[in-house]
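Structure record follows, encoded as structure tokens.
The values are calculated or read from the model by the stated rules, or taken from the named source; none is laboratory data. This one's a predicted model, so the numbers in the text were calculated from it and none came from an experiment. Please note: Cβ atoms are built from the backbone with ideal geometry, for glycine as well, and neighbour counts cover all protein chains shown. Ligands, DNA and RNA are stripped out before the accessible areas are found, and what is left, the full protein with its side chains, is counted by its heavy atoms. Shrake-Rupley method; radii C 1.70, N 1.55, O 1.52, S 1.80 Å.
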Amino acid sequence: MLDEYEAWGSKIRVGETQFAAYNEMLDFVNMRLETVDSCLLLIDNQKVADALGLGRSLLEHYLLFILMCRGKKLFRLRDMTSLKEGEFKKFLHDEREKYATLRASGETGVIDVKKAPRTARHLMYVLEGYKFEDDPDFILPAHYFHFRDFHPETMRLKEEDYFQYYEPEPELVKVLKGFRAESALNYKFYLSYDGLLEFLELNNLIDAPAIARIEAHYTFLGKFLHPTHDAARDLHDNSNVRYGDTRLGMRQPYSKIAVLLASLYLCYLTAGFLDEAAGLIEGAPPKYISQAGTENLRELTGSVPEKFPYFWFLFNDPPLYDRFNYCIHHATDEELRDWGGYANVPKERVPFSQHIYGSLQSSLTGWGNARCGNYVPPHLSS
């Protein structure tokens, strides 16, 4: 996939106008795939936990990139903290009715009015993203601008705490304070992890089960990024053996399952980035992109869930093992007969297992059950 992505650039044909935003978005992908390449080097050098830690960064960037490509909605906040809670609820109800009437008569672009998440007594007015006057059907997602314009130091660091060439005027101090507050607000609602999930749901790009899967993967990968007791140790063979010596890492190697898991994360995340990039270029107006050239890229990304169906990531179907395990514990005999076996259980019935490493181990082992029959792992059935 990485080789095909590098070759893809020569297949894209620009239209009559060069649109800089597409160049910037592809540059975003370029840097993320550099991280993927770094992770591959880490895995090759038996640094699996570090590769998983970087995988957490890739996951966050992937969620953001989905919104940069397909997040067509944005919202405006309205501070109503001057109202008491009961007054706020009534005002929200009245605003929703007011804008529903205006929307029905085509007098407003507001799609919905909601209570803003994670902040007290603020209204959220939901609108479509930024449009172009000469092409009103073309929307450039707000997350493209928020990511481009966000600087962590503006949000977190106060100028007066650091070296300055001259003492700023009081008016400038006030302006900088306003920039810091605005930056913090934009991060909270647009770029923070919680903000990303809320916007993905707002844009109907994820549902509750998908959120549960994202949360599980985010938490699992986070164990290798933040201090977590024995997170890396648990990925090794004979991980309970402690030698008490001084060395880089452990004597025992990482398990083959751990190496496979890190590789699967890279596979699915790479395919995700490339699918979003391909969709972005394919959906570009002809005046910007006359030929997308994504055929080979799409073929490769589409093969990932086909070749590795035993790993349940964010948007692929429940693996056969998860169906088998669910039916053992929750399906009735009648349901199994109606479905024609555990493999045909409706996918919406199968919940995700939060035990990601253990589930992968189990999925690569053969199992049998008197009611459900046999489960044969994919590497033995092909």
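Quick one: which residues, 5+ away or cross-chain, put their amide H under 5 Å from the amide H of residue 14? H built at 1.01 Å from N.
Result for residue 14 returns 290.
Would you kindly find the accessible area of residue 3, with a 1.4 Å probe and non-protein molecules such as ligands, DNA and RNA excluded, rounding to the nearest 10 Å²?
120 Å²
If you wrap a convex hull around the alpha carbons of region 256-310, what volume per residue comes out, as a whole number of Å³?
66 Å³
Say each of residue 238 and residue 118 gets a label point 7 Å from the Cα, pointing the same way as Cα to Cβ; how far apart are those two points in nm?
A separation of 4.5 nm, rounded to one decimal place.
With point charges of +1 on the Cβ of Lys and Arg and -1 on the Cβ of Asp and Glu, referenced to the Cα centre of the chain, which listed residue (35, 189, 352) lies farthest in the positive direction of the dipole?
The listed residue farthest towards the positive side: 352.
Sum up the charges of everything whose Cβ sits under 13 Å from the Cβ of residue 4, counting Lys and Arg as +1 and Asp and Glu as -1, but leave residue 4 out.
Values: positive: 11, 298; negative: 3, 6, 275, 295, 299.
It works out to a net charge of -3.
What angle do you read, to the nearest 10 degrees and between 0 and 90, between the alpha-carbon axis of helix 48-70 and the longest principal axis of the chain?
Taking Cα atoms only, the helix is inclined about 40 degrees.
Cut-off 10 angstrom, C-alpha nodes, Gaussian network model of the chain. Which of 369, 30, 203 fluctuates the most?
Highest fluctuation among the options: 369.
With all pairs of different alpha carbon atoms counted, what Kirkwood hydrodynamic radius in Å does region 112-221 show? Don't skip to the answer; put the middle values down first.
On the way: mean 1/r = 0.0594 Å⁻¹.
Roughly 16.8 Å, rounded to one decimal.
Going 7 Å from the Cα of residue 188 toward and past its Cβ, which residues in region 130-174 have a backbone nitrogen under 14 Å from where you end up?
Correct set: 155-156.
Picking from 83, 197, 235, which is most flexible by a Gaussian network model of the chain using Cα springs under 10 Å?
83
Taking the alpha-carbon centroid of each part, what is the distance from region 95-142 to region 1-45 in angstrom?
33 Å
On each of the three principal axes of the Cα atoms of region 190-235, give max minus min coordinate, whole Å, ordered largest first.
Reported extents, whole Å, longest axis first: 39, 21, 9.
Convert 4 °C to kelvin, take the viscosity as 1.567 mPa s, use the Kirkwood radius over C-alpha pairs of the chain as Rh, and evaluate the Stokes-Einstein diffusion coefficient in µm²/s, rounded to a whole number.
On the way: Rh = 24.3 Å.
For the chosen part, D equals 53 µm²/s.
In nm, give the distance between the simple-model label positions of residue 149 and residue 315, each being 7 Å from the Cα along the Cα-to-Cβ direction.
For residue 149 paired with residue 315, the spin-label model returns 2.7 nm.
Tally Lys/Arg at +1 and Asp/Glu at -1 over every other residue whose Cβ is under 12 Å from the Cβ of residue 21; what's the total?
Net charge in that neighbourhood comes out at -1.
Using the 2.2 N^0.38 Å rule of thumb for compact globular proteins, work out how region 259-366 stacks up: its C-alpha Rg over that value, please.
Here the answer is 1.37, to two decimals.
I'd like the projected area of region 1-123, averaged over all directions, using the convex hull of its alpha carbons. Report it in nm² with one decimal. Write down the numbers at each step before the final one.
Working: hull surface 51.2 nm².
Across all orientations, region 1-123 yields a mean hull projection of 12.8 nm².
For region 178-295, what is the per residue volume of the convex hull drawn over the alpha-carbon atoms, in cubic angstrom?
Details: hull volume 25.2 nm³, N = 118.
About 214 Å³ per residue, rounded to a whole number.
Using a 10 angstrom Cβ neighbour count of at most 10 plus a DSSP loop assignment to flag exposed GluC sites (Glu not before Pro), which longest range of the chain is free of such sites?
After excluding every exposed loop site, the longest remaining stretch is 134-382.
Among 130, 254, 243, which one shows the biggest mean-square fluctuation in a GNM of the chain, springs joining Cα atoms closer than 10 Å?
Most flexible of the set in this elastic network: 243.
How many nm separate the modelled label positions at residue 16 and residue 81, each set 7 Å beyond the Cα in the direction of the Cβ?
5.1 nm
Just the accessible area for residue 312, please: 1.4 Å probe, Å², rounded to the nearest 10?
Approximately 20 Å² for this residue.
Across region 272-280, in residue order, what do the Karplus-derived ³J(HN,Hα) couplings come to in whole Hz, using 6.51 cos²θ - 1.76 cosθ + 1.60 with θ = phi - 60° and x for Gly and Pro?
Rounded to whole hertz, the list is x, 4, 5, 5, 5, 5, 4, x, 4.
Search the structure for amide H atoms under 5 Å from the amide H of residue 111, placed 1.01 Å from N in the peptide plane, and list their residues when 5 or more places away or on another chain.
Result for residue 111 returns 126, 127, 128.
Considering only the other residues whose Cβ falls under 13 Å of the Cβ of residue 44, what net charge follows from Lys and Arg at +1 and Asp and Glu at -1?
Details: positive: 47; negative: 37, 50.
The answer is -1.
Sort all Cα-Cα distances of region 37-91 into consecutive 10 angstrom bins from zero, then give the percent of pairs in each bin up to the one containing the longest distance.
It works out to 19, 23, 18, 20, 11, 9, 0, in whole percents.
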